[in-house]
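A.B. asks: There's a structure below that I have some questions on.
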Ligand SMILES: Nc1ncnc2c1ncn2[C@@H]1O[C@H](COP(=O)(O)OP(=O)(O)OP(=O)(O)O)[C@@H](O)[C@H]1O
Ligand SMILES: [Mg+2]
């Protein structure tokens with residue numbers, strides 16, 4: 001369960017101050033797919049960065065299951081990101097000098113828990129799960145955009161997080177490939193009970209979510225429960 | 001993050017940015033190579049100068065008087081300590097003194113002739129000789145050969161030496177003999193005495209040659225200058241060979257005691273004795289030969305002017321080069337003795353070497369400092385390039401310390417590799433310099449086989465210094481990377 005309680009974020013000071021998020025209060029159910037929509041500059045990425053523990057300069061309170069995120073130290077937030085949150089970005093952010101399998105294992109580098117003995121095997125299994133069995137040894141540069149995003153999803157899943165945060169995960173992909181990615185997400189939510197928050201501009205994607213949160217100028221414009229449409233529809 | 005994982009991450013990063021780091025570490029490599037080269041050179045030159053040319057840890061104390069050959073003013077007149085056994089004992093108790101060896105010089109003229117076996121022709125020369133206690137000469141191939149055969153009675157127990165037979169009371173007695181006649185050319189007939197012994201004209205007994213030692217520096221001077229100079233001359237000297245200690249050991253020559261080219265002794269009839277060069281030792285006089293002190297005492301008693309029985313000088317050996325200065329101070333200030341000017345020259349030379357080495361070390365430090373600034377630059381650039389990547393690592397769970405550890409660790413590896421390469425380069429250039437030196441520089445006294453001396457500490461300091469300066473250079477970039485706002489980095493702001 002994620003509970004935003006009057007969360008605000010502003011950039012700059014004095015005259016140049018810009019409020020990117022205004023007293024946002026919002027509850028996200030676990031095991032559900034939430035789409036965050038809104039015009040450019042409405043504060044979607046700001047919201048995701050706060051929820052992902054990447055941004056600490058905000059006010060208000062935010063419960064991440066049992067943890068109050070406003071009171072976590074940098075180290076604690078880092079551990080939280082490492083073990084509980086998976087990130088998927090529009091531009092994938094894979095390291096080109098590593099193989100796909102190595103990219104997938106990156107979260108293990110910062111995991112302070114005892115290392116799992118089957119890391120490489122797990123990376124391969126995840127790659128299979130996202131439809132890239134057999135590409136483990138390839139470099140990201142040898143893959144298509146959709147395939148790269150699948151590697152990024154496998155990486156996000158590596159440490160078995162509770163929450164997956166995606167900032168326009170299909171923004172760099174064509175419609176068809178984008179739908180396949182969202183379909184993959186939907187299956188993950190169903191199979192593993194993951195909580196998924198996806199920022200998107202694309203309506204056909206937001207229609208597939210359980211909840212659609214609409215922001216406007218940093219304020220919550222609407223927050224609706226949605227009956228997910230099937231992926232084939234798009 | 002475990003060290004293993006950190007190193008893997010660092011290895012991956014370094015491989016990717018290899019070219020950047022290779023360029024930026026050129027300065028480190030050059031700086032460290034400069035350092036290694038000059039420190040090695042300084043140490044090498046110091047070794048030759050201090051240990052071979054000056055034998056720095058050997059001091060020679062002489063009376064505070066003006067000792068010019070035969071015109072020697074008594075030290076006591078000037079208030080200095082006398083060079084006798086009491087002084088020897090006192091000096092032996094001074095901290096840092098390893099040994100004190102009294103030296104006594106011949107105080108009457110003598111001349112030597114010989115060298116036919118070696119040079120093809122006999123040479124005649126004034127003989128400068130002194131004596132020291134036999135037991136102090138330990139650096140000979142066979143120290144037992146440097147002994148005073150006349151110093152006391154020899155018992156038969158261990159068998160009698162050449163020319164002696166076992167006589168009354170189990171004492172060795174010299175055989176009597178008839179000296180061989182010389183023909184008109186001065187060539188002698190076969191000697192009747194057995195083995196090494198020879199028939200002395202004055203005693204008409206079989207005598208053993210007086211064992212003498214020479215200083216290896218004499219040989220160096222001969223090989224480095226006389227031999228080189230004579231190569232270009234005409235006549236017999238043009239063929240003089242380059243000499244080695246082994247070729248000279250066992251050389252026999254004749255000495256006339258009590259008479260020389262410049263004059264005769266005040267007292268006594270001149271006698272002729274044979275000498276045998278039994279080896280080379282640092283304890284020997286530089287220009288001349290050194291024999292067991294007993295011979296000198298006896299000859300001085302026979303031929304010399306009146307003596308108080310004092311030694312002419314005391315050779316003081318210190319336990320190491322660091323003890324030289326305090327021991328020298330003790331000798332000059334407390335005992336009011338003088339030191340031969342070798343000491344002062346050695347000090348000057350040592351100071352010059354230290355200064356030159358220090359200057360070049362400083363230059364290398366400047367180079368390395370500039371290189372460190374270069375490293376800062378490279379790291380700042382690399383970090384700017386990797387901004388998103390660092391943001392990503394933060395998103396994946398890297399803490400601030402993780403990020404700075406990663407950057408600093410990269411710097412350590414760059415520094416260690418640069419330092420090691422610099423050491424290699426420095427050694428390579430040194431080897432080249434040695435080869436050129438051996439090939440293009442003429443022989444000179446004490447010309448060393450290598451100009452360099454290496455101490456493991458140099459390399460430790462070099463690599464440690466390279467790592468230190470790289471770390472220093474990476475401090476700011478590491479702090480910057482660690483404090484990067486991950487949200488801003490990821491959104492490319
Ligand atoms: N680091 C920053 N410094 C200053 N202003 C910022 C910063 N990050 C965001 N903003 C401002 O905050 C507002 C919200 O930005 P945000 O990135 O959350 O928008 P967004 O909804 O993600 O837009 P888009 O759809 O274009 O990605 C914008 O007006 C933006 O200019
Ligand atoms: Mg955005």
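None of the figures in this text is laboratory data; all of them are computed from the coordinates on show. Quick caveat: nothing in here was measured; it's all calculated off a predicted structure. FYI the Cβ positions are ideal-geometry reconstructions off the backbone, even for glycines, and counts take in every protein chain you see.
A.B. asks: Using the number of other C-beta atoms within 10 angstrom as an exposure proxy, rank B:423, B:409, A:166 with the fewest first.
C.D. replies: Arranged by neighbour count, lowest to highest, B:423, B:409, A:166 become B:409, B:423, A:166.
A.B. asks: Can you give me the C-alpha center-to-center distance between the range A:120-195 and the range B:265-290, rounded to a whole angstrom?
C.D. replies: That distance is 97 Å.
A.B. asks: Quick one: compute a quarter of the convex hull surface over the Cα atoms of the range A:149-234 and quote it in nm².
C.D. replies: About 5.9 nm², averaged over all directions.
A.B. asks: Between the range A:76-107 and the range B:47-61, what is the separation of their alpha carbon centroids in Å?
C.D. replies: 67
A.B. asks: Let me ask something else. At 0.36 nm per residue, minus the direct Cα-Cα distance, what do residue B:118 and residue B:354 gain on full extension? Give it in nm, one decimal, please.
C.D. replies: Result: 80.8 nm gained on full extension.
A.B. asks: Quick one: pull the percentage of alpha-carbon pairs in the range B:272-327 with a separation above 16 Å.
C.D. replies: 60
A.B. asks: For a quick check: sort A:170, B:178, B:155, B:450 by the number of other beta carbons within 10 angstrom, fewest at the front.
C.D. replies: Fewest to most other Cβ atoms nearby, the residues stand as B:178, B:155, B:450, A:170.
A.B. asks: For a footprinting-style exposure proxy, rank B:377, B:312, A:18 by other Cβ within 10 Å, fewest first.
C.D. replies: A:18, B:377, B:312
A.B. asks: On to the next question. Less than 12 Å from a label point 7 Å out along the Cα-to-Cβ axis of residue B:476: which backbone N atoms in the range B:381-407 qualify, by residue?
C.D. replies: B:381
A.B. asks: Follow-up question, since we're still on this one. From the convex hull of the Cα coordinates of the range A:1-52, what is the mean projected area in square nanometres?
C.D. replies: With the hull built on Cα positions only, its mean projection is 4.1 nm².
A.B. asks: Give me the log10 of I(q) over I(0) for the range B:401-493 at q = 0.12, 0.23 Å⁻¹, as the Debye formula computes it from C-alpha points; what are the numbers?
C.D. replies: -0.57, -1.06
A.B. asks: Once each part is reduced to its C-alpha centroid, what is the distance from the range A:206-222 to the range B:77-146 in angstrom?
C.D. replies: Cα centroid of the range A:206-222 versus Cα centroid of the range B:77-146: 106 Å apart.
A.B. asks: Determine which residues of the range B:99-129 fall in the zone a paramagnetic label at residue B:230 would reach in this model, i.e. backbone nitrogen under 18 Å from the point 7 Å along Cα→Cβ.
C.D. replies: B:112-128, by backbone N distance to the label point.
A.B. asks: Ignoring everything except DSSP H segments at least 4 long, calculate the 222 nm mean residue ellipticity for the protein assembly as shown; use -39,500 (n - 2.57) per segment, divide by total residues, nearest 500.
C.D. replies: Value at 222 nm, helices only, nearest 500: -12500 deg cm²/dmol.
A.B. asks: When the convex hull of the C-alpha atoms of the range B:366-411 is computed, what volume per residue in Å³ does it have?
C.D. replies: 60
A.B. asks: Where Rh denotes the Kirkwood radius from the mean inverse Cα pair distance, what is Rg over Rh for the range B:201-339?
C.D. replies: 1.03
A.B. asks: Quick one: of the DSSP bridges fully inside the protein assembly as shown, what percent are antiparallel, nearest 5?
C.D. replies: Taking every DSSP beta bridge with both residues in the protein assembly as shown, the antiparallel ones total about 70 percent.
A.B. asks: When the Kirkwood hydrodynamic radius is evaluated over all pairs of different C-alpha atoms of chain B, what value in angstrom, to one decimal, is obtained?
C.D. replies: 28.0
A.B. asks: Which whole number in µm²/s is D for chain A by Stokes-Einstein, with the Kirkwood Rh taken over Cα pairs at 37 °C and 0.692 mPa s?
C.D. replies: Reported coefficient: 180 µm²/s.
A.B. asks: Consider just the alpha-carbon atoms of the range A:1-124 and return their Rg together with their Dmax, both in angstrom.
C.D. replies: My reading of the Cα-based Rg and Dmax gives 16.9, 55 Å.
A.B. asks: What is the gain in length, in nm to one decimal, between residue B:245 and residue B:90 on full extension, counting 0.36 nm per residue of separation less the C-alpha to C-alpha distance?
C.D. replies: Residue separation times 0.36 nm, minus the Cα-Cα distance, leaves 52.3 nm.
A.B. asks: Would you mind checking the range B:88-111 for residues with the amide N under 16 Å from a putative spin-label position 7 Å along Cα→C-beta of residue B:322?
C.D. replies: Flagged as within label range: B:95-98.
A.B. asks: Can you give me the convex hull volume of the Cα atoms of the range B:129-213, divided per residue and expressed in Å³?
C.D. replies: In the range B:129-213, the Cα hull volume divided by residue count equals 135 Å³.
A.B. asks: Can you work out D for the range B:86-175 in µm² s⁻¹ from Stokes-Einstein, where Rh is the Kirkwood radius over C-alpha pairs, the temperature is 4 °C and the viscosity is 1.567 mPa s?
C.D. replies: Value of D from the Cα-based Kirkwood radius: 76 µm²/s.
A.B. asks: Hey, what D do you get for the protein assembly as shown in µm²/s if you plug the Kirkwood alpha-carbon radius into Stokes-Einstein at 25 °C and 0.890 mPa s?
C.D. replies: Answer, rounded: 72 µm²/s.
A.B. asks: Let me ask another. How long are the semi-axes of the ellipsoid equivalent to the range A:61-133, from square roots of 5 times the Cα gyration tensor eigenvalues, in whole Å, largest first?
C.D. replies: 27, 15, 12
A.B. asks: Right, here's the next one. For the range B:307-418, what is one quarter of the convex hull surface built on the Cα atoms, given in nm²?
C.D. replies: Over all viewing directions, the range B:307-418 projects a mean Cα-hull area of 12.5 nm².
A.B. asks: Consider just the alpha-carbon atoms of the range B:242-311 and return their Rg together with their Dmax, both in angstrom.
C.D. replies: 14.1, 42
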